[in-house]
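Here is the structure we will look at.
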Amino acid sequence: MPRFKSEGFSEAEHFIVLYNMIPCNTLYSEMKGRNASDQETGDKWEVQLRKGCLELAILAALWDGQLYGLEILRRLESDSDLIVSEGTIYPLLSRLKALGLVRSEWVESDAGHPRKYYALTPAGKQRSREMAEMWSRFSSGMSRLLAPLAKEK
């Protein structure tokens, strides 16, 4: 295991790197017929894949400006097909705020009640760029690796 401190990473950066790794469950058995257990395993893999992408998706949703929680949920669903519950998004936003990647402010609303708006901090914009670059490298590598599978259709 790498010694992150000796490589210039702080403990917080070490945590971010480990947290952002996309978990991947691999099926080693042949999947001739998909029974209920196989379907469940596939579903769990997809859930883990989506969870691994969620932090980047939230930061990307905030790239163009501030949004309140429900707007973030709608943007994720409309732009990426990520359907996220409020019980998932708000703890993530709190964690991103604690890391200094987003800021929040209460704004009075025409609807009668104030809304909490979230926006990227300069550190959040930088982290978004870094994560997007990592994602581009990762996804292009996976696309190359998966290309033969697409030809088999």
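Just checking, how many residues over the range 93-103 are at negative phi and in contact with a helix residue (DSSP H, G or I) (Cβ under 6 Å, 6 or more places away or on another chain)?
If we filter the range 93-103 for residues that are at negative phi, which is where we start, we get 93-99, 101-103.
Checking the rest, the ones that are also in contact with a helix residue (DSSP H, G or I) (Cβ under 6 Å, 6 or more places away or on another chain) come to 101-102.
Matching residues across the range 93-103 total 2.
Okay, residues lined up against (1) at pLDDT 85 or above; (2) among the aromatic types (Phe, Trp, Tyr); (3) within 16 Å of Ala132 (Cα to Cα):
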site: Ala36; (1), (2), (3): no, no, no
site: Arg50; (1), (2), (3): yes, no, yes
site: Gly65; (1), (2), (3): yes, no, no
site: Ser78; (1), (2), (3): yes, no, no
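When Pro114, Pro148, Pro122 are checked against the criterion of being without any contact (Cβ under 8 Å) to a residue 24 or more places away in the chain, in contact with a Phe, Trp or Tyr (Cβ under 8 Å, 6 or more places away or on another chain) and not polar (S, T, N, Q), a single residue qualifies: Pro114.
Hey, can you tell me all the residues within the range 78-124 that are small (Gly, Ala, Ser) and either assigned to a strand (DSSP E or B) or more than 16 Å from the chain's Cα centre (by Cα) (or both)? Walk me through it before giving the result.
Step one: of the range 78-124, the residues small (Gly, Ala, Ser) are 78, 80, 85, 87, 94, 98, 100, 104, 109, 111-112, 119, 123-124.
Across the range 78-124, the qualifying residues are Ala98, Gly100, Ser104, Ser109, Ala111, Gly112, Ala119, Ala123.
If we scan the range 86-97, do we find a residue that is surrounded by 13 or more Cβ atoms within 10 Å (Cβ to Cβ) and of a type in the set (D, E, K, R)? So far as the range 86-97 goes, yes, one or more of its residues are surrounded by 13 or more Cβ atoms within 10 Å (Cβ to Cβ) and of a type in the set (D, E, K, R).
The values are calculated or read from the model by the stated rules, or taken from the named source; none is laboratory data. Remember, predicted model here, so these are calculated numbers, not experimental data. Cβ coordinates were reconstructed from backbone atoms using ideal geometry, including for glycine residues, and neighbour counts include every protein chain displayed.
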